[in-house]
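**Student:** I'd like to ask you about the structure that follows.
The values are calculated or read from the model by the stated rules, or taken from the named source; none is laboratory data. Since the model is a prediction, treat every value here as computed from it, not as a measurement. Glycine also receives a Cβ, built like all others from the backbone with ideal geometry; neighbour counts cover every protein chain displayed.
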Amino acid sequence: MAIRILYFAGLRERLGQAAEELILPVAIDTVGKLRAHLAARGANWDALDAGKNVRAAVNQRMAGAETAVGEGDEVAFFPPVTGG
Amino acid sequence: MSVKVQAEDFDVGREIAAITRGNLAIGAVASFVGTVRGANDGAGVTAMTLEYYPGMTETSLDDIVAQARRRWDIIDALVVHRYGRLQPGEQIVLVVVAGEHRGEAFAACEFIMDFLKTEAPFWKKEETPHGSRWVDAREADDQAAGRWKNP
């Protein structure tokens, strides 16, 4: 299952990339599982550990750990927002 | 109702005039302008860069304005938010709400700002004499948005 992942702000800088295309194992079918899958890369990817204050969106809608992730989705991870 | 995310500065008077021109039902216009402070969290700020999520940010602002419109009987609303590198004193954000009376215009304007601060995907990075730093989300902003849950 192919998805696109975007990273923003401090998280983008920490991970050293703004976007990536990823082929996911079938078992990785929620935002929470995707975070754990990415965090397992080690080093700076621990920024995505479950306990870290990271927000997620799927197809540009705010998402929780249980939100489904599927073929062709755009998933984004970012810190709490600070606009205004 | 409209939402604009842009690098360019905005003219508050011109934006308000565009909303009120020819609409004689409007009796109240409330507006809010956010600007870049020259100091934050104990350090001087020499510049600020605003990052956003093209697509989702506009959708999020549209959704916040739609929520305000469901909640109050307002006639028109506008949100303009800038991105890119800004200097202290520059304008960041404009919210304008027009209604028949001031009550709903003030309330909807404040509601839109409170939710923009906690939900719209924007991130600020400050340049200070000690280096650059990403601004942390503030607990006070979450509390400000939370109070609208118990009208």
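**Student:** Count, please, the residues in the range B:125-149 that happen to be over 26 Å from A:L11 (Cα atoms) and either at the interface with chain A (Cβ under 7 Å from one of its Cβ atoms) or at pLDDT 90 or above (or both). Can you show your working first?
**Tutor:** Let us first name the residues in the range B:125-149 that are over 26 Å from A:L11 (Cα atoms), namely B:147-149.
Going one step further and asking which of them are either at the interface with chain A (Cβ under 7 Å from one of its Cβ atoms) or at pLDDT 90 or above (or both), we end up with B:147-148.
Matching residues across the range B:125-149 total 2.
**Student:** Go over the candidates B:M56, B:M1 one by one and state the one that is at pLDDT below 95 and either touching a helix residue (DSSP H, G or I) at 6+ places or on another chain (Cβ under 7 Å) or within 18 Å of B:F115 (Cβ to Cβ) (or both).
**Tutor:** Going through B:M56, B:M1 in turn, the sole match is B:M1.
**Student:** Another question about this same structure. Within the range B:98-112, is there a residue that is in contact with a Ser or Thr (Cβ under 8 Å, 6 or more places away or on another chain) and either surrounded by fewer than 18 Cβ atoms within 10 Å (Cβ to Cβ) or outside any helix (DSSP H, G or I) (or both)? Lay out the reasoning, then the answer.
**Tutor:** In the first step, residues of the range B:98-112 are kept if they are in contact with a Ser or Thr (Cβ under 8 Å, 6 or more places away or on another chain); the result is B:98, B:109.
Now restrict to residues that are either surrounded by fewer than 18 Cβ atoms within 10 Å (Cβ to Cβ) or outside any helix (DSSP H, G or I) (or both): B:98.
Checked the range B:98-112: at least one residue is in contact with a Ser or Thr (Cβ under 8 Å, 6 or more places away or on another chain) and either surrounded by fewer than 18 Cβ atoms within 10 Å (Cβ to Cβ) or outside any helix (DSSP H, G or I) (or both).
**Student:** Any idea how many residues of the range B:63-90 are farther than 17 Å from A:T82 by Cβ and part of a strand (DSSP E or B)?
**Tutor:** Within the range B:63-90, residues that are farther than 17 Å from A:T82 by Cβ and part of a strand (DSSP E or B) number 6.
**Student:** Let me ask you something else. Looking only at residues that are of a type in the set (A, V, I, L, M, F, W, C), farther than 19 Å from A:A63 by Cα and in contact (Cβ under 8 Å) with a residue 24 or more places away in the chain in the range A:2-36, which one is surrounded by the fewest Cβ atoms within 10 Å (Cβ to Cβ)?
**Tutor:** By that ranking, first place goes to A:V26.
**Student:** Against the condition on the phi > 0 side of the Ramachandran plot and touching a helix residue (DSSP H, G or I) at 6+ places or on another chain (Cβ under 8 Å), how does A:G16 come out, does it pass?
**Tutor:** Answer is yes for this residue.
**Student:** For the range B:115-124, check the following and say yes or no: at least one residue is under 22 Å from B:V29 (Cβ atoms), more than 9 Å from chain A (Cβ to nearest Cβ) and assigned to a helix (DSSP H, G or I).
**Tutor:** The answer is yes; a qualifying residue exists.
**Student:** Another one. Name the residue that is nearest to the other protein chains (Cβ to nearest Cβ), counting only residues in the range B:12-58 that are farther than 16 Å from B:T128 by Cβ and in contact with an Asp or Glu (Cβ under 6 Å, 6 or more places away or on another chain).
**Tutor:** Once the filter is applied, the top-ranked residue is B:I19.
**Student:** Sticking with this structure for a sec: Of all residues in the range A:40-84, which are among the small types (G, A, S), touching a residue at least 60 places away in the same chain (Cβ under 8 Å) and crowded, with 19+ Cβ neighbours inside 10 Å?
**Tutor:** A:A76
**Student:** Of all residues being out of contact with any Phe, Trp or Tyr (no Cβ under 6 Å at 6 or more places or on another chain) and within 12 Å of chain A (Cβ to nearest Cβ) in the range B:59-85, which is farthest from B:V5 (Cα to Cα)? Just the residue, please.
**Tutor:** Taking the range B:59-85 and keeping what is out of contact with any Phe, Trp or Tyr (no Cβ under 6 Å at 6 or more places or on another chain), we get B:59-63, B:65-67, B:69-79, B:81-82, B:84-85.
Checking the rest, the ones that are also within 12 Å of chain A (Cβ to nearest Cβ) come to B:59-63, B:79, B:81-82.
Working: B:T59: 11, B:S60: 11, B:L61: 9, B:D62: 11, B:D63: 14, B:V79: 8, B:H81: 5, B:R82: 6 Å.
That would be B:D63.
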